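Before we start, here is the structure in question, set down as C-alpha cells.
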Amino acid sequence: MGMNVAKKLIASHLVSGEMVIGQEIGIRIDQTLTQDATGTMVMLELEAMGLKRARTELSCQYVDHNLIQEDNKNPDDHLFLYSACQRFGVWYSRPGNGVSHPVHMERFGRPGVTLLGSDSHTPGAGALGQLAIGAGGLEVALAIAGQPFFFKMPQIWGVKLTGKLPDWVSAKDVILEMLRRYTVAGGLGRIIEYYGPGLECLSTMDRHVIANMGAELGATTTVFPADDEVKAFMKSQGRESEFSYLLPDTEGDYDVHDEIDLSTLEPLIAMPSSPDNVKYVREVAGTPIYQSYIGSSANPGYKDLAIPAEIVRGRTIHPRVSFDVNPASRQVLENLVRDGYMMPLIHSGGRVHQAGCNGCIGMGQAPATKEISLRTVPRNFPGRSGTMDDLVCLVSPETAAASALTGVITDPRDLGKANGHPAMEYPRITEPADPIINTTMLVAPPPQEEAEKIELRKGPNIMSLPPITPIEDEISLPVMIKLGDKISTDSISPAGARALPFRSNIPRIAQFCFEREDPSYHDRAVAVRELGGHIIVGGETYGQGSSREHAALAPRFLGCRVVLTKSFARIHRSNLVNFGILPLNFVDKADYDKIEQGDILHIQGIRAQIAAGQQVKVTNQRTGETLTVQHDLSERQVEVLLKGGLINWIKERL
C-alpha cells in the first residue's frame with residue numbers, strides 16, 4: 001500500500017510501537033533545536049544527567065529570544081550557553097544570527113530527517129520534507145542524550161492545494177484560512193500534510209509560513225513533500241548534495257481529507273486575541289492602527305520583507321504608525337541590503353531591529369495600550385506583546401505594509417485600484433538564486449577530548465533544578481485557581497523582558513505565574529505549599545501555545561500536584577507529566593461547573609488508580625459529590641509520573 005510523506009518519515013525512524021492511531025510510538029531523533037528561552041534549562045538538564053556528548057546527528061543551540069542586554073542576566077546566560085554547547089558537542093548560533101527556525105532551514109535542515117525542538121514552532125522545518133516536532137525542553141534533552149521521542153500516533157490530515165494564489169494574497173492567508181475553518185483545536189492529534197498542484201505557486205519559505213503556524217491549529221506537526229522547489233532552495237543554500245526527493249506514493253492515503261482552492265482566497269486577519277478569531281480584511285477595513293510589524297519566525301523569508309519594501313518604496317508611513325521591521329535571519333538581512341530592499345523600508349519610516357524574535361515574544365516593540373497592532377507573527381495571545389491590554393492582529397506582509405501607509409486596516413488589493421492615486425502593481429519577488437551565505441555566526445563544537453575539559457560558565461542568575469518528588473497516594477488539596485478556555489503558556493508563565501531573563505532561575509520565574517489571570521496566585525500557592533500543595537482547574541485547550549516547560553515546572557515548584565481540565569494542548573500535557581504533575585480530564589465536561597476556586601478535592605489511591613486504568617475518582621469535599629475524571633497516559637508515562645518525573649525516570653536508565 002502506498003504511503004504519504006508523514007508515514008514515510010515515521011516508519012523510517014520508528015523504534016517502538018506500531019503506527020496505529022492513538023497508540024504510543026517512539027521515534028529516533030536525528031537533529032535537535034533549542035533556543036535560549038528554553039535551552040538554558042535543557043543544558044542544565046544535560047548536566048544533571050551527566051551526559052558527556054550529544055548523541056544526535058546534529059544539535060544546535062540558537063540565541064534568538066533574549067537579546068535585550070539591559071543588565072547582566074541575558075549576557076551571562078549567553079556565555080553559559082556557549083560554554084555548554086562547547087562542553088556537550090552542540091552547535092552554537094550567536095546572538096543576532098537570527099531566529100532558530102529559518103536559520104536551521106538555511107544551514108542544517110534537509111528532507112527525510114527528524115527534528116525535535118524546544119520551541120513550538122519547530123514544525124516550520126516541515127517545509128523541507130522533515131518530520132519536525134516541538135516538545136518540552138526535557139524531552140529535547142533526552143533526544144540529545146540519544147533517547148527516542150515518544151508520542152501518540154496521530155491521524156494524517158491530507159490537505160490538497162489546487163489553483164494559484166491571486167495577487168495581494170500570500171501564504172499567511174492560507175494558514176489563516178485553516179484557522180478560520182478549524183480553530184486552534186482543529187489539528188489536535190493530527191499531522192497536517194499539504195500536497196497537490198497548488199504547491200507549484202508556493203516557495204519553500206512560503207511553505208514554512210504555513211508549517212510554522214500549524215502549531216496554532218494544535219497539530220503535532222506539518223509536512224510538505226520534498227519536491228523540485230525544495231531542491232532549488234537547497235541548491236541556493238549550497239547544499240544540493242544533501243537533497244533527496246520525498247513524495248507521497250498516492251494522493252488518497254490520508255486519514256482525514258480536505259482541499260483548498262488557492263485561487264478563491266482573499267486577505268485575512270486574525271483579530272484580538274486568538275489566532276482563530278479570523279475575519280476577512282475587508283470586513284474590518286478602516287479601523288485605525290498604531291503599529292505595523294513585519295518579519296518574525298512566521299514570515300521569515302526574503303519575500304516577506306522585499307514585497308513590503310516595494311509597497312512602501314517612494315512613500316511615507318502614516319505619522320501615527322510605528323512600522324517595525326524585524327528580519328528573522330542575518331542571511332536574509334544581508335541579501336536584502338545587497339539587493340536594495342532595505343533602503344525603501346528605512347526611508348519610508350521603518351524601524352529596523354536586529355535579527356531575532358524580539359517583539360513576537362514581548363522583547364521590545366510593544367504596542368500602545370488598547371491600540372491595534374498588525375503583526376506578521378504567529379500568535380496573538382493576550383499580553384504576549386509586552387502590553388497587558390494589547391490588541392494584536394495577525395496579518396500577511398501585504399496587509400501590514402498597505403495598512404502602515406494608510407494608518408488604518410487596509411485590504412492590500414485596494415492598492416491595485418486607482419482610488420485617486422496611481423494603481424500599484426503587485427510586487428513580484430523571487431528568492432535570490434545566489435544568496436550571500438554567512439556561516440561565521442555558527443560555531444561548531446570542538447572534539448570530545450577538548451570538550452570534556454571545558455567548564456560551564458554559570459552567572460549568578462543560573463540556579464540548579466529543584467528536586468521533584470513523586471505524587472502522594474492520597475491528597476486533599478485546594479483548587480488554587482480556576483481558569484477558562486484557551487489558557488496559553490504565556491498566561492501561565494509569561495514571556496517578555498520582565499520574566500524571560502529568569503528562565504534559568506525557577507524560584508524567581510515562578511513569581512510571575514498566572515500574574516495576568518490572578519496576581520495573588522503565587523503568594524497563595526506558597527502559603528499552602530508545605531501543606532501538600534494545590535490543584536489547578538482549567539477549560540479547553542489548556543496550555544496552548546509556546547512549548548516552554550517553565551509553564552509546568554514553575555507551578556510544580558509552587559506545589560501544583562494535579563491539573564484538571566476539559567482538554568490539554570499536546571506539548572503542555574507532556575510537560576506536566578515530565579515534571580511529576582498529574583494531568584486529568586473531565587469525563588463529563590459539565591462537571592467543570594461543579595467545582596469552584598477554593599474547593600478541596602480529595603483523591604485516594606492515586607498511584608493504584610492511574611496504574612490500573614484511565615479513570616480516577618475525585619471527591620469535592622464542599623459538595624460531597626464524587627466525580628469521575630480520566631487520564632490519557634501511556635504505560636510509559638504512568639511509570640514516569642510515579643517516579644516523580646522524567647529526570648528521575650531517566651537517571652535509572654542512563
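Could you tell me whether any residue of the range 594-607 is in the same structural domain as VAL638 (by TED's automatic domain parsing), among the charged types (D, E, K, R) and in contact with a Pro (Cβ under 6 Å, 6 or more places away or on another chain)? Talk me through it step by step, then tell me what you get.
Going through the range 594-607, the residues in the same structural domain as VAL638 (by TED's automatic domain parsing) turn out to be 594-607.
From the residues that got through so far, the ones that are among the charged types (D, E, K, R) too are 594, 596, 599, 607.
From what is left, the residues that are in contact with a Pro (Cβ under 6 Å, 6 or more places away or on another chain) are none.
Taking every residue of the range 594-607 in turn, none turns out to be in the same structural domain as VAL638 (by TED's automatic domain parsing), among the charged types (D, E, K, R) and in contact with a Pro (Cβ under 6 Å, 6 or more places away or on another chain).
Give the residues of the range 490-524 that are part of a helix (DSSP H, G or I), within 20 Å of the chain's Cα centre (by Cα) and polar (S, T, N, Q), sorted by residue number.
Within the range 490-524, SER491 is the sole residue that qualifies.
Name the residue that is farthest from PRO275 (Cα to Cα), counting only residues in the range 538-561 that are outside any loop (DSSP other than H, G, I, E, B) and touching a Phe, Trp or Tyr at 6+ places or on another chain (Cβ under 7 Å). Even if it seems obvious, please write down each step before you answer.
First, the residues of the range 538-561 that are outside any loop (DSSP other than H, G, I, E, B): 542, 544, 550-557, 560-561.
Still in the running and touching a Phe, Trp or Tyr at 6+ places or on another chain (Cβ under 7 Å): 542, 552-553, 556.
Numbers: TYR542: 15, ALA552: 23, LEU553: 26, ARG556: 28 Å.
Selected residue: ARG556.
Could you identify the single residue in THR376, THR430, THR387 that is of a type in the set (Val, Ile, Thr), out of contact with any helix residue (DSSP H, G or I) (no Cβ under 6 Å at 6 or more places or on another chain) and buried (at least 16 other Cβ atoms within 10 Å of the Cβ)?
Working: THR376 fails: out of contact with any helix residue (DSSP H, G or I) (no Cβ under 6 Å at 6 or more places or on another chain); THR430 fails: buried (at least 16 other Cβ atoms within 10 Å of the Cβ).
THR387 is the lone residue from the list that is of a type in the set (Val, Ile, Thr), out of contact with any helix residue (DSSP H, G or I) (no Cβ under 6 Å at 6 or more places or on another chain) and buried (at least 16 other Cβ atoms within 10 Å of the Cβ).
Before we move on, is TYR302 modelled with pLDDT of 95 or more, out of contact with any strand residue (DSSP E or B) (no Cβ under 9 Å at 6 or more places or on another chain) and either on the phi > 0 side of the Ramachandran plot or surrounded by 22 or more Cβ atoms within 10 Å (Cβ to Cβ) (or both)? Working first, answer last.
On the way: modelled with pLDDT of 95 or more: yes; out of contact with any strand residue (DSSP E or B) (no Cβ under 9 Å at 6 or more places or on another chain): yes; either on the phi > 0 side of the Ramachandran plot or surrounded by 22 or more Cβ atoms within 10 Å (Cβ to Cβ) (or both): yes.
Yes, satisfied.
Continuing with the same structure: Are there any pairs, at least 6 apart or on different chains, whose C-beta atoms fall under 6 Å, with the first in the range 611-637 and over 17 Å from LYS594 (Cα atoms) and the second in a strand (DSSP E or B), and if so, which?
GLN614/GLN630; GLN615/THR628; GLN615/GLN630; HIS631/LEU584; SER634/GLU24
Quick test of your reading of the structure: PRO272 fulfils all but one of (1) in the same structural domain as VAL392 (by TED's automatic domain parsing); (2) touching a helix residue (DSSP H, G or I) at 6+ places or on another chain (Cβ under 9 Å). Name the failing condition by number.
Evaluating PRO272 over (1) in the same structural domain as VAL392 (by TED's automatic domain parsing); (2) touching a helix residue (DSSP H, G or I) at 6+ places or on another chain (Cβ under 9 Å) leaves (2) as the failure.
Is it the case that LEU642 is assigned by TED's automatic domain parsing to the domain that holds GLU596, under 30 Å from GLU45 (Cβ atoms) and either surrounded by 15 or more Cβ atoms within 10 Å (Cβ to Cβ) or out of contact with any Asp or Glu (no Cβ under 7 Å at 6 or more places or on another chain) (or both)? Steps first, answer last, please.
Details: assigned by TED's automatic domain parsing to the domain that holds GLU596: yes; under 30 Å from GLU45 (Cβ atoms): yes; either surrounded by 15 or more Cβ atoms within 10 Å (Cβ to Cβ) or out of contact with any Asp or Glu (no Cβ under 7 Å at 6 or more places or on another chain) (or both): yes.
Yes: the conditions hold for LEU642.
Checking the structure you have, find out if any residue of the range 69-89 is modelled with pLDDT under 95, on the phi > 0 side of the Ramachandran plot and either outside any strand (DSSP E or B) or touching a helix residue (DSSP H, G or I) at 6+ places or on another chain (Cβ under 9 Å) (or both).
no
Answer yes or no as to whether THR541 is on the phi > 0 side of the Ramachandran plot and out of contact with any helix residue (DSSP H, G or I) (no Cβ under 7 Å at 6 or more places or on another chain).
Details: on the phi > 0 side of the Ramachandran plot: yes; out of contact with any helix residue (DSSP H, G or I) (no Cβ under 7 Å at 6 or more places or on another chain): yes.
When the stated conditions are applied, THR541 passes them.
What number of residues within the range 258-285 are assigned to a strand (DSSP E or B) and either touching a Phe, Trp or Tyr at 6+ places or on another chain (Cβ under 8 Å) or of a type in the set (D, E, K, R) (or both)? Spell out the reasoning first.
Looking only at the range 258-285, we keep the residues that are assigned to a strand (DSSP E or B), and these are 258-261, 268-270, 278-280.
Still in the list and also either touching a Phe, Trp or Tyr at 6+ places or on another chain (Cβ under 8 Å) or of a type in the set (D, E, K, R) (or both): 258-259, 261, 268-269, 279.
Of the residues in the range 258-285, 6 are assigned to a strand (DSSP E or B) and either touching a Phe, Trp or Tyr at 6+ places or on another chain (Cβ under 8 Å) or of a type in the set (D, E, K, R) (or both).
The values are calculated or read from the model by the stated rules, or taken from the named source; none is laboratory data. The structure presented is a predicted model; accordingly, all values stated were derived computationally and were not measured. Because the Cβ atoms are built from the backbone with ideal geometry, glycine has one as well, and the counts that use them run over all protein chains shown.
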